[in-house]
1. Being crowded, with 20+ Cβ neighbours inside 10 Å, out of contact with any helix residue (DSSP H, G or I) (no Cβ under 8 Å at 6 or more places or on another chain) and part of a helix (DSSP H, G or I) is the requirement here; does residue B:310 meet it?
2. So, residue A:83, is that one free of Cβ contacts under 8 Å to residues at least 40 places away in the same chain, away from every other protein chain (no Cβ under 14 Å), under 25 Å from the mean Cα position of the chain (by Cα) and buried (at least 16 other Cβ atoms within 10 Å of the Cβ) or not?
3. Could you tell me which of the residues B:252, B:271 is surrounded by 22 or more Cβ atoms within 10 Å (Cβ to Cβ), in contact with a helix residue (DSSP H, G or I) (Cβ under 6 Å, 6 or more places away or on another chain) and more than 22 Å from residue B:376 (Cβ to Cβ)?
4. Looking only at region B:353-362, which residues are away from chain A (no Cβ under 12 Å) and either surrounded by fewer than 19 Cβ atoms within 10 Å (Cβ to Cβ) or touching a helix residue (DSSP H, G or I) at 6+ places or on another chain (Cβ under 6 Å) (or both)?
5. Out of the residues in region A:35-78 that are in a helix (DSSP H, G or I) and under 16 Å from residue A:249 (Cβ atoms), which is farthest from the other protein chains (Cβ to nearest Cβ)?
6. Being over 19 Å from the mean Cα position of the chain (by Cα) and assigned to a strand (DSSP E or B) is the filter; apply it to region B:261-279 and report the residue that is farthest from the other protein chains (Cβ to nearest Cβ).
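The values are calculated or read from the model by the stated rules, or taken from the named source; none is laboratory data. It should be emphasised that the depicted structure is a prediction, and the values quoted were computed from it without experimental measurement. All Cβ positions, even for glycine, are placed from backbone atoms using ideal geometry, and neighbour counts span all protein chains on display.
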């Protein structure tokens, strides 16, 4: 009987495990698809945001255009192809997201590590600055900065980085605070290794896991915020394709030509959800530590 | 293992719950809460959704020229003269008006026995005090009367003196409202409960939200038909149209063409478009070196296929314009249409030595014009002229407009006085410096047109001025605009207004 129970119970577990493993790959696959579209799409599809074709305006998905092509995802109010807009929009979203996360990550990690490792006056000042800035609603600050100057991609990156780095700084500071008390750091200090080198060689490398996990989540937020700014008309200039602008252009047609606002909206939300789950997975693996990892990352992450 | 599975499941459930809650929240945000409090019932209540918000009730103040304030003011206060729904001038407080010989003074005879809504009499003193208040506050409407003064000659007669001959005074007075004597600047006490002599009085007012009007029992004319008129501000177009369909509001206007088709299919709605005094006006900045040459300006105009743009984007509310002012304006004389010819345009630009590497700045202010502007930019790109569309915030737009910080300026330019004097006569002179264009001959024609009160002669002179402006391509004049109105068919007596300022005094509910 006991044997029988075992044989009965085993197969489902055996089936479930790979299915779950596959399922957990879905977010990474989705994000991968977006990256692929962002990288390759614009090379395959030609699109000029300035060019309009009024005779092809408001075509439903799958219609033929006046040039004989098929508008697979329809056209917008100025006869511009939706598929191309979504592909080019993906590139914009990924580029803006990557630039912003890199910039805010660099600033945040450096300042956080300095504050956490050197402590003292530097920490007191920097930590208070983090706290004060954290009290600002991030999107409002971004709107103020983006609205005050002429629209450009650089400005959007700067506006979104203005508050984006604080998360990185706080996480890094927490880890650095804990790491500086570790035996190998003490040993390096006793050996006379300069502080800057200790920070770079013996502290910073251990922040990589949590920072990457945080960067993923931050990336999703930045993509969303960029779309928000462009939707409000204070983000990217009209010559750059952005999902936010496409959605804004389609909001008047929601009832009759649903595809203009809906399709980029779906593209945007799918990317955000996929990145969010991926970020959760990364946090579970690297951020909070896992059995089998080095005890250092394990304990450091707990403090962070 | 089971625990992780459960945790995952609970996370899924949480995600789903958040999504549902989000959707519910979004649905709640779409303002229209299926109320049919006015729909079809003969209750005498009319609810309308204006195109622009009403931010202030002071017709002399800083907001005085805004469409919202004008819409409210014409129901609450009286004017000396007012334009009819089609633009012809009618006496309101004045029974007659006439100029002196050299058109520097206009005498207005006032209606006898007019009272304000609080019962006090309205006489020449109130008219003079209101005029002084308007010019003193120096709001946008005061700009129509630079250096003008008003004097009282008797209790029922006032005279308006202008420093220079000005035949357009009656037309311009269409934005001048009479308030009781003694209203101060920013007089909140008065404007919370304004006293006027118009068909309605204010029951409740929340700026940028709603204005409730009830009939003025002391009104001199026919008592307004509706028991209560509520003017609501619904900023989002989609929400405004949904409100119209559900019966939450009875009248909506300023509807874009793409939405008209859907509304026309509704059998309980009446949809109508009326030609207005507004025209798409795209001035060239003649003071920049690239656009100094009239040949270049003409070629750029020729390079844009306005016919197709209008047919595709504005099939209902747009008509190709044939003069710098629209057909409803005094002084309109049709000009030779400019034909689309990109090849000739390219050749002319090359011949004139146009610098194709230079990017022209095209400024405009409202998101609703974005498609039009983009279509123009696209056409110009085809002949190699690079244009940067710059959508600006209204205040920044106006500031840059006056400072000439643009190469092409897009505006929907209305002539609310229905008189070319306040458009051509005011904007195109050398002294005005509005588009860097200066032509002494044009100055002479405009001055002559302003100095005569004879309608035929004025139309003739403004026709000559229009020809100079048109041929020199001071700007591109692609389209005259109609305003689309839609109202519930149970309303009777509603007259769509050419300037987007409909009067609700004659509207009755429960008609069909």
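1. Working: crowded, with 20+ Cβ neighbours inside 10 Å: yes; out of contact with any helix residue (DSSP H, G or I) (no Cβ under 8 Å at 6 or more places or on another chain): yes; part of a helix (DSSP H, G or I): yes.
Criteria met by residue B:310.
2. Yes: the conditions hold for residue A:83.
3. Numbers: B:271 fails: surrounded by 22 or more Cβ atoms within 10 Å (Cβ to Cβ).
Result: B:252 is the single residue among B:252, B:271 that is surrounded by 22 or more Cβ atoms within 10 Å (Cβ to Cβ), in contact with a helix residue (DSSP H, G or I) (Cβ under 6 Å, 6 or more places away or on another chain) and more than 22 Å from residue B:376 (Cβ to Cβ).
4. Within region B:353-362, B:353, B:354, B:355, B:356, B:357, B:358 meet the criteria.
5. Within region A:35-78, the first condition is being in a helix (DSSP H, G or I), and the residues that meet it are A:35-44, A:54-56.
Filter again for under 16 Å from residue A:249 (Cβ atoms), leaving A:54, A:56.
Numbers: A:54: 4, A:56: 10 Å.
By that ranking, first place goes to A:56.
6. Pass one, region B:261-279, residues over 19 Å from the mean Cα position of the chain (by Cα): B:261-271.
Imposing the further condition that a residue be assigned to a strand (DSSP E or B) reduces the set to B:269-271.
Values: B:269: 15, B:270: 20, B:271: 16 Å.
Top of the filtered list is B:270.
Table: residues versus (1) part of a loop (DSSP other than H, G, I, E, B); (2) within 26 Å of the chain's Cα centre (by Cα).
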position	(1), (2)
B:166	yes, yes
B:208	yes, yes
B:211	no, yes
B:214	no, yes
B:219	yes, no
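Residue by residue, here is whether (1) free of Cβ contacts under 8 Å to residues at least 40 places away in the same chain; (2) farther than 30 Å from residue A:266 by Cα holds:
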| site | (1), (2) |
| --- | --- |
| A:97 | no, no |
| A:101 | no, no |
| A:109 | no, yes |
| A:115 | no, yes |
| A:121 | yes, yes |
| A:132 | yes, yes |
| A:143 | no, no |
| A:152 | no, no |
| A:156 | no, no |
